[in-house]
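Before any comments, here is the structure.
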Amino acid sequence: MEMKSLFKVSPFEPLRAHLSTVMECVETIKPMFEAVRAAEYERLEELAKEVFKKEHEADIAKNEIRQTIPRTFFLPVFRGDLLAYLKLQDNIADEVEDLAVLLTIKHLDWPEPLSDDIFEYINKVLCVCEKTRTLSDHLAVLVEQNFDTDPVDEALEMVRKIEHAEWEADRMSYALAKALFAQEDSMRATDIFLWSRIFGELGQLANHAENIGDRLRRMLASH
């Protein structure tokens with residue numbers, strides 16, 4: 001559906017459509033790491049190309065929303081807040097693209113002793129992102145019910161859960177970084193450096209998801 005048609009349905013439908021594309025980027029993360037672990041570098045390149053394609057689609061959708069979002073149409077929130085919310089969503093797709101670049105910049109050796117911890121960390125970060133999708137879906141409910149107390153309280157509880165999950169991801173990131181540098185006698189310095197960057201990018205994904213929750217809370221506070 002074209003962006004103009006989406007706006008005829010609801011001013012928030014384009015944001016949901018954009019996030020759907022963003023989450024298609026996110027869904028490639030675990031398969032990319034699995035490809036690195038299996039040394040399936042051709043598969044990894046294919047997945048990275050898919051990320052680049054989806055990130056570009058998200059950029060196009062973002063720009064269309066910015067150009068199409070009604071300036072005179074009544075919005076239940078400030079237009080600037082809506083655009084800021086959109087930018088935070090797009091940051092997630094940008095971060096996945098950066099992650100894909102780091103994973104494909106060289107044939108990385110998989111740090112097998114850290115394998116379980118890596119996938120546990122990935123799952124936590126994906127959990128934070130998925131909670132953001134749920135929150136975005138709830139935004140439509142807020143609008144439909146004119147920001148009534150019950151759905152607002154539910155949204156704020158969702159934001160708190162996102163913040164807690166991001167805090168857990170931060171703790172896991174720190175523990176994983178310590179475990180990574182403990183491998184310095186058995187891993188090449190370049191691989192340690194890249195893995196450190198990769199773990200950092202994963203952490204940024206969780207941060208962006210948390211920022212979306214914080215932005216929604218601000219939108220609710222100003223309503």
When residues of the range 4-51 are filtered for being modelled with pLDDT of 95 or more and basic (Lys, Arg), how many remain?
4
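Within the group Met219, Met187, which residue is within 23 Å of the chain's Cα centre (by Cα) and in contact (Cβ under 8 Å) with a residue 12 or more places away in the chain?
Only one candidate passes the filter, namely Met219.
Scanning for something among the hydrophobic types (A, V, I, L, M, F, W, C), surrounded by 20 or more Cβ atoms within 10 Å (Cβ to Cβ) and touching an Asp or Glu at 6+ places or on another chain (Cβ under 9 Å), does the range 182-189 turn up at least one residue? Full working, then the answer.
Step one: of the range 182-189, the residues among the hydrophobic types (A, V, I, L, M, F, W, C) are 182, 187, 189.
Next cut, surrounded by 20 or more Cβ atoms within 10 Å (Cβ to Cβ) only: none.
Looking for residues that are among the hydrophobic types (A, V, I, L, M, F, W, C), surrounded by 20 or more Cβ atoms within 10 Å (Cβ to Cβ) and touching an Asp or Glu at 6+ places or on another chain (Cβ under 9 Å), one finds none in the range 182-189, hence no.
Among residues belonging to the range 36-49 that are in a helix (DSSP H, G or I) and in contact (Cβ under 8 Å) with a residue 24 or more places away in the chain, point out the one that is nearest to Asp90 (Cα to Cα). Step through it out loud before you land on a result.
Initially, the range 36-49 is screened for residues in a helix (DSSP H, G or I), giving 36-37, 41-49.
Add one more test, that the residue is in contact (Cβ under 8 Å) with a residue 24 or more places away in the chain, and what stays is 36-37, 41, 44-45, 47-48.
Values: Val36: 26, Arg37: 28, Tyr41: 27, Leu44: 23, Glu45: 22, Leu47: 19, Ala48: 17 Å.
Step by step, filter the range 36-49, then rank; the result is Ala48.
Name the one entry in Leu216, Leu194 that is within 18 Å of Met158 (Cα to Cα), hydrophobic (A, V, I, L, M, F, W, C) and part of a helix (DSSP H, G or I). Full working, then the answer.
Values: Leu194 fails: within 18 Å of Met158 (Cα to Cα).
Of Leu216, Leu194, the one residue that is within 18 Å of Met158 (Cα to Cα), hydrophobic (A, V, I, L, M, F, W, C) and part of a helix (DSSP H, G or I) is Leu216.
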Can you find a residue in the range 194-201 that is surrounded by 15 or more Cβ atoms within 10 Å (Cβ to Cβ), of a type outside the set (Val, Ile, Thr) and under 20 Å from Ser20 (Cβ atoms)?
no
Go through (1) loosely packed, with under 14 Cβ neighbours inside 10 Å; (2) assigned to a helix (DSSP H, G or I) and name the single condition Glu97 misses.
(1)
Inside the range 24-35, the number of residues satisfying the requirement of being part of a helix (DSSP H, G or I) and either surrounded by fewer than 21 Cβ atoms within 10 Å (Cβ to Cβ) or touching a Gly at 6+ places or on another chain (Cβ under 9 Å) (or both) is 4
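Of the residues Leu180, Leu114, Leu126, Leu176, only one is in contact with a Ser or Thr (Cβ under 7 Å, 6 or more places away or on another chain), assigned to a helix (DSSP H, G or I) and either within 30 Å of Tyr41 (Cα to Cα) or of a type in the set (S, T, N, Q) (or both); which?
Working: Leu114 fails: in contact with a Ser or Thr (Cβ under 7 Å, 6 or more places away or on another chain); Leu126 fails: in contact with a Ser or Thr (Cβ under 7 Å, 6 or more places away or on another chain); Leu176 fails: in contact with a Ser or Thr (Cβ under 7 Å, 6 or more places away or on another chain).
Of Leu180, Leu114, Leu126, Leu176, the one residue that is in contact with a Ser or Thr (Cβ under 7 Å, 6 or more places away or on another chain), assigned to a helix (DSSP H, G or I) and either within 30 Å of Tyr41 (Cα to Cα) or of a type in the set (S, T, N, Q) (or both) is Leu180.
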If we scan the range 90-102, do we find a residue that is modelled with pLDDT of 95 or more and on the phi > 0 side of the Ramachandran plot?
no
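The values are calculated or read from the model by the stated rules, or taken from the named source; none is laboratory data. Remember, predicted model here, so these are calculated numbers, not experimental data. Here the Cβ is made from the backbone with ideal geometry for all residues, glycine too, and neighbour counts use every protein chain on show.
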